[in-house]
1. Quick check: anything in segment 228-235 in contact (Cβ under 8 Å) with a residue 40 or more places away in the chain and open to solvent by 50 Å² or more (accessible area, probe 1.4 Å)?
2. Run down Ala51, Ala47 and say which single residue is at negative phi and at pLDDT below 95.
3. Of the conditions (1) buried (at least 19 other Cβ atoms within 10 Å of the Cβ); (2) part of a helix (DSSP H, G or I), Glu72 clears all except one; give me its number.
4. Across segment 187-202, which residue is nearest to Cys237 (Cα to Cα) among those that are of a type in the set (A, V, I, L, M) and under 13 Å from the mean Cα position of the chain (by Cα)?
5. Looking for whichever is open to solvent by less than 50 Å² (accessible area, probe 1.4 Å) and in a strand (DSSP E or B) here; the options are Gly174, Gly195. Which one fits?
6. Scanning segment 241-274 for residues that are among the aromatic types (Phe, Trp, Tyr) and within 17 Å of Glu90 (Cβ to Cβ), which turns out farthest from the chain's Cα centre (by Cα)?
7. For residues that are at pLDDT 95 or above and on the phi > 0 side of the Ramachandran plot, tally how many sit in segment 248-262.
8. Could you tell me which of the residues Leu206, Leu233, Leu229 is within 17 Å of the chain's Cα centre (by Cα), outside any strand (DSSP E or B) and not acidic (Asp, Glu)?
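The values are calculated or read from the model by the stated rules, or taken from the named source; none is laboratory data. As the structure is a computational prediction, the values presented were derived from the model and not from experiment. Here the Cβ is made from the backbone with ideal geometry for all residues, glycine too, and neighbour counts use every protein chain on show. With ligands, DNA and RNA removed, areas are computed over all heavy atoms of the protein, side chains included. Shrake-Rupley method; radii C 1.70, N 1.55, O 1.52, S 1.80 Å.
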Amino acid sequence: MKIFSDKTLSQKIERTEARSNADFVESRAKLFPHSGADWIEVAGVYAMFDAIDSPTTQTFGLGLFDEITDAEMDKIEVFFKERNASVIHEVSPLADPAIFLLLNKRGYRPIEFTSVMYQEIASLDSFVPPRNSQIKTRIIDNDEVDLFAEISTNGWIDEMPDYAEQMLEFSRIGASVDGAIPFIAELNAKPMATGTLYIYEDVAALAGASTIPAQRKKGAQTALLDARLRHALENGCTIAIMGALPGSQSQRNAEKNGFRIAYTRIRWQLKSNE
């Protein structure tokens, strides 16, 4: 059956995103008990605190499941303010239109856009084969979390050199999340790129794509995409999802490999909490 971009699909995507991020927060809490990492659910919204400056500290599902009034917004905002964190909501355009009026009334402003992309995965024949047969992909062993984190961090270090330590910790946690399936790509037996797969029911969420600078444009991410989609299909998934910056290389790569845009999601931040 053809899957269309509608509210039902958005609910499935946003709930998967919420669950993967909540699992990340729970993993940080286990690994770092004094971090204060925690999450709550309010009217179908997952509100997550990972760390003050973490991209995981936000909500998913606002206005997409249950009615949101000022009372629910108060509960959510208190959760973040008690932890001295910015109040940020990532909101689907398919949410109840009333939520956008409420966000404006309460002093929020849009700060970022994300292309939410999806692909139906019905058979192996639908996948675009990797263009570099020399690249090998595999799921990491249990004792390779540090290796995964190092390669993942090296892939971003040239763009965000001031956040190396934070990104290394973030990658370690991401590879340790319950339900996470971390993949690594190698060329001539040398690690060159990473990518993670999360499976929730029949949805496969793709994240953690990173390639070390010296190994870019060799087909590593195409190989990792193929490996993760095949693993997802073999484990009962019918749809794969991912997010990308609008117009980015990541979005173009995804579209070349069969993904299409479901909708553009907006991050809203409370101005008075900056």
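1. Yes, that holds for at least one residue.
2. After ruling out the rest, the residue left standing is Ala51.
3. Checking Glu72 against (1) buried (at least 19 other Cβ atoms within 10 Å of the Cβ); (2) part of a helix (DSSP H, G or I), the one that fails is (1).
4. Restricting to residues being of a type in the set (A, V, I, L, M) and under 13 Å from the mean Cα position of the chain (by Cα), the top hit is Ile199.
5. Just a single option satisfies the conditions, and that option is Gly195.
6. Step by step, filter segment 241-274, then rank; the result is Trp268.
7. So the answer is 0.
8. Unique residue meeting the criteria: Leu229.
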